[in-house]
Amino acid sequence: MLGYLFVAFIVNAKYTTAMIVIGVVLSFFYKYLNKKVKRYSYDIIKKSELINKYLSELIIYLKYLLASNTVTKYQSFLNQASDSYSDVKYKQAFLGGLTKRSAEPIGIMLVLILIGYNSQYDSIPNIEIAFIALFLYKVFNSYIQFQYTFQKIFSV
């Protein structure tokens with residue numbers, strides 16, 4: 001990563017610095033998303049434990065529940081717990097996928113913005129921006145992959 005950063009600064013320090021600042025801001029956004037995914041992972045564990053508790057009690061006390069006609073009440077508890085589990089699992093999967101798959105489109109938009117800025121205000125060759133983008137893409141992609149791997153370690 002340091003080698004790519006060094007070469008990007010040699011090509012053009014101004015645009016490299018601008019892209020790094022934007023990348024740092026984006027990394028805080030990804031850090032926030034990863035914290036939410038981690039929190040959802042803990043919620044999934046808790047909700048899974050609740051479902052297991054209801055299932056165990058249903059199996060153990062099935063004769064009593066049938067005799068007292070409270071199976072439907074237990075079934076509604078189980079359905080609510082299952083729906084809650086599904087909701088949190090969906091949120092965790094959505095945010096986890098967002099953190100992994102959004103880096104490339106954001107990087108492409110960044111490059112297009114810089115090319116547009118360059119065509120309006122500067123006149124450096126676009127090939128320099130392309131090289132900077134390529135080098136920083138490698139740096140940011142490695143960083144995002146590291147965050148995603150770290151997130152997968154803590155997810156269920």
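Going by what's in this entry, would Asn69 be described as of a type outside the set (D, E, K, R) and not in a helix (DSSP H, G or I)? So Asn69 fits the description; yes.
I'd like to check something: does segment 94-114 contain any residue that is in a helix (DSSP H, G or I), free of Cβ contacts under 8 Å to residues at least 60 places away in the same chain, within 30 Å of Tyr54 (Cβ to Cβ) and out of contact with any helix residue (DSSP H, G or I) (no Cβ under 8 Å at 6 or more places or on another chain)? There is at least one residue in segment 94-114 that is in a helix (DSSP H, G or I), free of Cβ contacts under 8 Å to residues at least 60 places away in the same chain, within 30 Å of Tyr54 (Cβ to Cβ) and out of contact with any helix residue (DSSP H, G or I) (no Cβ under 8 Å at 6 or more places or on another chain). The C-beta contact set for segment 1-23 (first residue closer than 19 Å to Leu112 by Cβ and in contact (Cβ under 8 Å) with a residue 12 or more places away in the chain, second residue assigned to a helix (DSSP H, G or I) and open to solvent by 40 Å² or more (accessible area, probe 1.4 Å), distance under 7 angstrom, 6+ apart or interchain) comprises Val11/Glu128; Val11/Phe131; Asn12/Glu128; Thr16/Phe9; Gly23/Phe140.
The residue that is nearest to Asn34 (Cα to Cα), among those in segment 115-133 that are open to solvent by less than 90 Å² (accessible area, probe 1.4 Å), of a type in the set (A, V, I, L, M, F, W, C) and assigned to a helix (DSSP H, G or I), is Ala133.
Yes/no matrix, rows are residues, columns are (1) of a type outside the set (S, T, N, Q); (2) open to solvent by less than 40 Å² (accessible area, probe 1.4 Å):
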| position | (1), (2) |
| --- | --- |
| Leu2 | yes, no |
| Ile22 | yes, no |
| Ser27 | no, yes |
| Lys31 | yes, no |
| Lys47 | yes, no |
| Asn52 | no, no |
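Here Val88 meets each of (1) aliphatic (A, V, I, L, M); (2) touching a residue at least 40 places away in the same chain (Cβ under 8 Å); (3) under 30 Å from Leu136 (Cα atoms) with one exception, condition (3).
Would you confirm, using the coordinates I've provided, whether Val88 is touching an Asp or Glu at 6+ places or on another chain (Cβ under 8 Å) and open to solvent by less than 60 Å² (accessible area, probe 1.4 Å)? Yes: the conditions hold for Val88.
Quick grid of which residues meet (1) modelled with pLDDT of 90 or more; (2) of a type in the set (Ser, Thr, Tyr); (3) farther than 22 Å from Tyr143 by Cβ:
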residue: Ile45; (1), (2), (3): yes, no, yes
residue: Val71; (1), (2), (3): no, no, yes
residue: Gln75; (1), (2), (3): no, no, yes
residue: Gly97; (1), (2), (3): no, no, no
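The values are calculated or read from the model by the stated rules, or taken from the named source; none is laboratory data. Given the structure is predicted, the values throughout are model-derived calculations rather than measurements. Please note: Cβ atoms are built from the backbone with ideal geometry, for glycine as well, and neighbour counts cover all protein chains shown. Remember, those area values only see protein heavy atoms, side chains included, never the ligands or the DNA or RNA. Shrake-Rupley method; radii C 1.70, N 1.55, O 1.52, S 1.80 Å.
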